[in-house]
Amino acid sequence: MRPRLFAGGFRTAVAWGLVAAAVVALSSVVRAGPPPRGPAPAQIHGIVVSIQPAAGVLSVRPEGGSRPVVVRVPPGVVIAWGGGTLALSDVRAGDRVHIWALPAGGAWVALRIEVLGREAVRAAGVPDLALVVERRGPVLVLLHLSGQVRLAFLSPEARVAGARTRADDIRPYDVVRLAGPMGADGSLIATSVAVEYAAPERPAARGAITAVGRGVVLMGPIVVSVGPQTFVVRDGRRLAPADLRPGLTVGVWGPEVRIGPRVVAVDARAIVVE
């Protein structure tokens with residue numbers, strides 16, 4: 001029997017779905033075509049193509065795929081963005097999203113949606129994602145997905161949008177996109193900053209890794225999802241997810257799922273090996 005989806009139970013469904021995924025060591029990114037049979041949840045990472053708020057439907061083109069998939073959004077499903085939430089009608093075509101979903105009737109039923117970035121910022125020429133690993137006054141030390149480390153100087157007139165609105169609030173483990181002129185030394189003078197993830201003061205989870213699977217790390221009872229845009233960092237340099245192993249102590253930053261006061265799952269944006 002399929003789990004019932006309703007406003008009060010979506011967090012439980014997400015949490016147990018991620019636990020089930022960890023047990024089988026799977027954390028799949030949906031490509032194209034119809035969803036597979038069975039109740040196992042999946043993670044859809046892609047770009048919103050169209051929205052039908054009245055019908056409660058999103059069309060999303062998965063990362064690496066060519067054809068959109070249909071995602072139904074039941075009432076009460078949280079759509080997180082910038083430390084707050086959005087209504088389905090506020091989601092835009094071009095938004096980059098991460099969705100936990102269950103297959104149903106040739107489509108997907110969303111359990112939770114994270115809006116990671118907006119097309120208006122990307123269209124302005126903001127380059128690839130970078131992780132803020134250190135801040136020294138107006139200077140940011142950035143780690144790119146390529147592994148490149150670069151300095152960025154925050155211009156006093158820098159426009160800040162997304163999960164933060166003030167340059168003074170940008171902190172280590174924020175995930176950002178920056179635009180501006182490049183200096184002769186390779187540093188960037190940032191005139192535009194899009195903050196896709198605003199890191200809190202403390203990680204969502206901290207402790208020893210107890211097991212590692214494909215796209216999944218277990219930290220005792222906490223399930224950590226590791227995707228292609230997760231920054232795994234040690235001493236300021238980027239590691240591969242394959243470098244994670246049982247026994248390492250890590251801090252994990254990213255959107256969390258709670259049951260009551262307890263964190264049970266984290267969609268990792270940054271994993272810092274201590």
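The values are calculated or read from the model by the stated rules, or taken from the named source; none is laboratory data. Quantities reported herein were computed from a predicted structural model and do not represent experimental measurements. Please note: Cβ atoms are built from the backbone with ideal geometry, for glycine as well, and neighbour counts cover all protein chains shown.
See the values below:
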{"read-out": "Val14 being modelled with pLDDT under 90, surrounded by 21 or more Cβ atoms within 10 Å (Cβ to Cβ) and of a type outside the set (Gly, Ala, Ser)", "value": "yes"}
{"read-out": "Residue in the stretch 170-208 that is surrounded by the fewest Cβ atoms within 10 Å (Cβ to Cβ), counting only those that are among the acidic types (Asp, Glu) and under 23 Å from the mean Cα position of the chain (by Cα)", "value": "Glu201"}
{"read-out": "Filter result for Gly215 (touching a residue at least 60 places away in the same chain (Cβ under 8 Å) and of a type outside the set (S, T, N, Q))", "value": "yes"}
{"read-out": "Flag for Val121 being modelled with pLDDT of 90 or more and outside any loop (DSSP other than H, G, I, E, B)", "value": "no"}
{"read-out": "Residues (under 16 Å from the mean Cα position of the chain (by Cα) and among the polar types (S, T, N, Q)) located in the stretch 57-99", "value": "Thr85"}
{"read-out": "Number of positions in the stretch 249-264 that are closer than 23 Å to Leu129 by Cα, modelled with pLDDT under 90 and either part of a strand (DSSP E or B) or touching a helix residue (DSSP H, G or I) at 6+ places or on another chain (Cβ under 9 Å) (or both)", "value": "1"}
{"read-out": "Unique residue being at pLDDT 85 or above, basic (Lys, Arg) and under 20 Å from Val232 (Cα atoms) when the list is Arg112, Arg135, Arg166, Arg159", "value": "Arg135"}
{"read-out": "Filtered residues of the stretch 127-169 (kept if among the small types (Gly, Ala, Ser), part of a loop (DSSP other than H, G, I, E, B) and surrounded by 13 or more Cβ atoms within 10 Å (Cβ to Cβ))", "value": "Ala163"}
{"read-out": "Test: Gly105 is on the phi > 0 side of the Ramachandran plot, at pLDDT 85 or above and either within 23 Å of the chain's Cα centre (by Cα) or of a type outside the set (S, T, N, Q) (or both)", "value": "no"}
{"read-out": "Residue check, Arg269 over 27 Å from Leu142 (Cα atoms) and either in contact (Cβ under 8 Å) with a residue 24 or more places away in the chain or surrounded by 22 or more Cβ atoms within 10 Å (Cβ to Cβ) (or both)", "value": "no"}
{"read-out": "Strands (runs of 3 or more DSSP E) wholly inside the stretch 38-79 that include at least 1 residues being among the hydrophobic types (A, V, I, L, M, F, W, C), modelled with pLDDT of 85 or more and out of contact with any strand residue (DSSP E or B) (no Cβ under 9 Å at 6 or more places or on another chain)", "value": "none"}
{"read-out": "Close pairs (8 angstrom Cβ cut-off, 6 or more residues apart or separate chains): at positive phi and surrounded by 12 or more Cβ atoms within 10 Å (Cβ to Cβ) in the stretch 233-256, in a loop (DSSP other than H, G, I, E, B) and of a type in the set (A, V, I, L, M) anywhere", "value": "Gly254/Ala204; Gly254/Ala268"}
{"read-out": "Residue count, the stretch 173-194 (criterion: in a strand (DSSP E or B) and either closer than 28 Å to Ala268 by Cβ or in contact (Cβ under 8 Å) with a residue 12 or more places away in the chain (or both))", "value": "12"}
{"read-out": "Search result, residues across the stretch 91-110 that are over 25 Å from Glu196 (Cα atoms) and assigned to a loop (DSSP other than H, G, I, E, B)", "value": "Gly105, Gly106"}
